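In what follows, a single structure is set out as structure tokens and then discussed.
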Amino acid sequence: MAVENTLRQLNLLLVLLNASVPLTRAQIFDRVAGYGPSDSEAAQRKFERDKKDLRSLLVFDESNPNDGASDTYAIDRKKSFMPDVPLDGDEKFLISLAIKAWRDAHIGQAASAGAVLSGAQWLRSGPIQAALGRDERHLAPLEKSILENRVVEFAYFSRSGGDTKTRCVEPWKIVLHQAHWYLFGYDQTVDQPRLFRFARIHGDVQGTDQEISVAPPQDIDPLDLLRGFQRTEAHEEVARIAVPFGDCANLRLLADEVVESSGSDVLNMKYIDGYRLAREIALVCDRAIVLEPKSLTDRVTEIMNTVLQVHG
Amino acid sequence: MAVRFEIAVRMLAYLKANNYVPLAQVAQVFSLSEAQVRIYCSHLADAHIGDYYGELVEIEIEDDDGEVWISTKETLGLNQQVKFTTEQSVAIIGGLKYLESLPGLVDQKQISALLMKLQHAFGDQDSIIEIGASDINAHIVEILKQAIDLAKCVRIEYGAAIDQKVTTRVIEPVLLQANESVLYVRAYCQESQGMRSFRVDRILSATALDISGDGREAAGSDVQIAAADISVSLQMLPEMLESFAPETVIESRFDGDLMLVTLNVTSTKWLTSLVLASAGDIVVIKPESVRAEVLARANAWLSKHPQ
């Protein structure tokens, strides 16, 4: 049954593509095998279903003249087909790598598209693999809501408030920044654009029937906002930290300069995100000694006091 | 077998663009069996306009020296690719932006040009996925890529996440694996005598060596990692759960706004470091020995940095 339907739809598509003028329903029933008598209810039903299926893939023009003439049907070639995109072998390989990276529902959506664009390069494997969106269950429902312009609801833990509340958000973009996923959207609760970290969403994201009413701002880049959150110092600072030889690799990776001193190395590093640096120092707090600045020492001390406090 | 209209149309365009293509390739590209591809081809070949113009699609499947090939002579009126759905465009552009965010992994200029080309072909819509550049040292990635291409060794200074100690190793890289924003190099490690994955952002320095790798052929198995057999109970903010590999988590449940998590770890040194750096977002409930280790290390800081 499915085969018959698909063959009839293929015939319909090819008939419409090869017609020099839009065709009436009677002309279509005459040329396309599989509809049966044009005046039958079954033929009308099949045609309505076929139109729906064709519309899922192509732009289907349907004229409904008021002068009593018959409706006509055509495929809008310009809107239905892509312009020729010349791609070389390397570009085709990049496309296949990009699509195969997806580890969530995207891959099902994109696989056929990627295969068509990539050709034989789709099958090539190389010394590079990439994985994106693994275990991110919020990706697919958020993407769907963004594409449908629908408001979403979810329970969200606020670090500043320390509690979990339901948020109604007009979703605009999905952002990946330093291994964390975020939703960028308009928070109806506070009437402001906001970023929501996926890991702080409790339970599932629920789609609603409410359409979004606020357009994404053109002058705000969510990645700039995220980078801005890292700026805890008023201006660039320089830290000097003493660490044992062959130790504190995490701090060495941040150092601009390593100076050998008596019994230890002294790391010199510029920083703008004192909070992040303090956390890195906390990882090796029993071996690293902050020589300067004092503000950085104080940040780490504050972390240590908090840790001692929560551990009673 | 259900023959899907979308796949049939895309396959026809694919066959037109790739004339005389192995049947096995089409099957792999469309995730179908060869028998299913034959059914699709048969139905495509059956497409016609009533009795007016004869067949619109000419497809032949022929056996040539044991390999089956599909040749496509005619796909009347369907010579261009049907536009992708919005979801497909999002996936392609999002995937390419992801590759673009990994410095040195692929040619950045090439991928930027490709993105522009495809975004134009897809109708210049705003991408709904944005990906920030990863903190990856492109110079180190380049050294690793060259070593893979030439099958040569690389000497690296590596900082182990477990204790932050720096070790020098000679590795034979075979694969670069990106997982979200983190890049790993899979390599034969001469010191460990087995295959290991190293985080590229933990490589302090890399030096290309003019030594051919010979361990890979012998490298049948991964380096044995110590068993994660230390059971700990933690209370944490839900987002901190991201810090632990899912397979190590035995149990997790909400306790108000916080989570109670039981997991098995390999090293208490690593765990206590994480607890200290969490600044109170992770609290050790038990065992007492791990709590004591956290307190001792925090006090060590305070004793060296008196107020």
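The values are calculated or read from the model by the stated rules, or taken from the named source; none is laboratory data. Since this is a predicted model, take the numbers as computed values, not measurements. Reconstructed Cβ throughout: ideal geometry from the backbone, glycine too, with neighbour counts over all protein chains shown. Note: areas computed on protein heavy atoms with side chains; ligands, DNA, RNA excluded. Shrake-Rupley method; radii C 1.70, N 1.55, O 1.52, S 1.80 Å.
Buried surface for the A/B pair, taken as the accessible area of each chain alone minus that of the pair with a 1.4 Å probe, is close to 10300 Å² in total. For the protein assembly as shown, the Cα-based Rg and Dmax, in that order, read 29.6, 98 Å. Report, by chain and number, residues whose modeled amide H sits under 5 Å from the one on A:Q210, excluding near sequence neighbours (fewer than 5 apart, same chain). Those qualifying (amide H under 5 Å, at least 5 residues apart or on another chain) are A:V151. Farthest toward the positive end of the dipole of the protein assembly as shown, out of A:G133, A:T189, B:L105, is the Cα of A:T189, where the dipole comes from beta carbon charges about the Cα centre.
Averaged over the residues of peptide B:21-29, the number of Cβ atoms from other protein chains lying within 10 Å of each residue's Cβ is 3.
Taking only the C-alpha atoms of the range A:126-263, Rg followed by Dmax gives 20.1, 68 Å. Electrostatic tally near B:I203: other residues with Cβ closer than 12 Å to its Cβ, Lys and Arg +1, Asp and Glu -1, net +3. Assuming charge only on the beta carbon of Lys and Arg (+1) and of Asp and Glu (-1), the dipole of the range B:182-307 about its Cα centre is about 360 debye to the nearest 20. Legend: distances between Cα atoms for A:K51/A:K92; A:K79/A:K173; A:K78/B:K16; A:K79/B:K73; A:K46/A:K144; pairs beyond 21 Å are A:K51/A:K92; A:K79/A:K173; A:K79/B:K73; A:K46/A:K144.
Taking amide H positions as modeled 1.01 Å from N, with prolines and chain starts lacking one, the residues under 5 Å from A:T232 and 5 or more places away or on another chain are A:D273, A:G274, A:Y275. With K and R counted +1 and D and E -1, the other residues having a Cβ less than 13 Å from that of B:T268 yield a net charge of 0.
Global dimensions of the range B:147-194 from alpha-carbon coordinates: Rg and Dmax equal 11.4, 33 Å. Cross-link partners of A:K294 among lysines, defined as those whose alpha carbon lies under 21 angstrom from its own and excluding same-chain residues fewer than eight positions apart: A:K270, B:K304. Calculate the all-directions average of the projected area of chain B's alpha-carbon convex hull, and give it in nm². Orientation-averaged projected area of the Cα hull: 25.4 nm². Sites listed here are GluC sites (Glu not before Pro) in the range A:127-223 whose DSSP assignment is loop and whose Cβ has at most 15 other Cβ atoms within 10 Å: A:E148. Charged neighbours of B:I129, selected by a Cβ distance under 9 Å, balance to 0 (K, R count +1; D, E count -1).
In the range A:194-234, which trypsin sites (Lys or Arg not before Pro) are in a loop and have at most 14 other Cβ atoms within 10 Å, using DSSP for the loop call?
Values: sites: A:R194, A:R197, A:R200, A:R227, A:R231; in loops: A:R231.
Here the trypsin sites (Lys or Arg not before Pro) that fit, given the DSSP loop and packing criteria, are A:R231.
With a 1.4 Å probe and every protein chain left in place, work out the accessible area per residue of the protein assembly as shown in Å², rounded to a whole number.
For the protein assembly as shown, the per-residue accessible area is 46 Å².
Across all directions, the average flat footprint of the convex hull enclosing the Cα atoms of chain A is 26.4 nm².
Taking the Cα centre of the range A:50-166 as origin, work out the dipole magnitude from +1 charges on Lys and Arg Cβ and -1 charges on Asp and Glu Cβ, in debye rounded to 20. Let's see the in-between values first.
On the way: 16 positive and 18 negative charges, 97 e Å.
The dipole of the range A:50-166 has a size of about 460 debye.
Restricting the trypsin sites (Lys or Arg not before Pro) of the range A:115-150 to loop positions (DSSP other than H, G, I, E, B) with no more than 14 neighbouring Cβ atoms within 10 Å leaves A:R124, A:R134, A:R137.
With viscosity 0.692 mPa s and temperature 37 °C, the Kirkwood radius over alpha carbon pairs of the range A:260-308 converts through Stokes-Einstein to a diffusion coefficient of 286 µm²/s. Using only side-chain charges placed at the Cβ, +1 for Lys and Arg and -1 for Asp and Glu, the dipole size of the range B:62-170 relative to its Cα centre rounds to 640 debye.
In summary, the lysines within cross-link reach of B:K286, defined as a Cα separation below 25 angstrom excluding same-chain residues under 8 places away, comprise B:K269. Of all DSSP beta bridges confined to the protein assembly as shown, the antiparallel ones make up roughly 90%.
Going from most exposed to least, what order do A:K52, A:K78, A:K173 have by accessible area with a 1.4 Å probe?
Working: A:K52 150, A:K78 175, A:K173 35 Å².
From most accessible down to least: A:K78, A:K52, A:K173.
I need the Kirkwood Rh of the range A:184-312: take the reciprocal of the average 1/r across all distinct C-alpha pairs and report it in angstrom.
Computed over the range A:184-312, the radius equals 17.9 Å.
Averaged over peptide A:78-90, the number of partner chain Cβ atoms lying within 10 Å of each residue's Cβ comes to 4.
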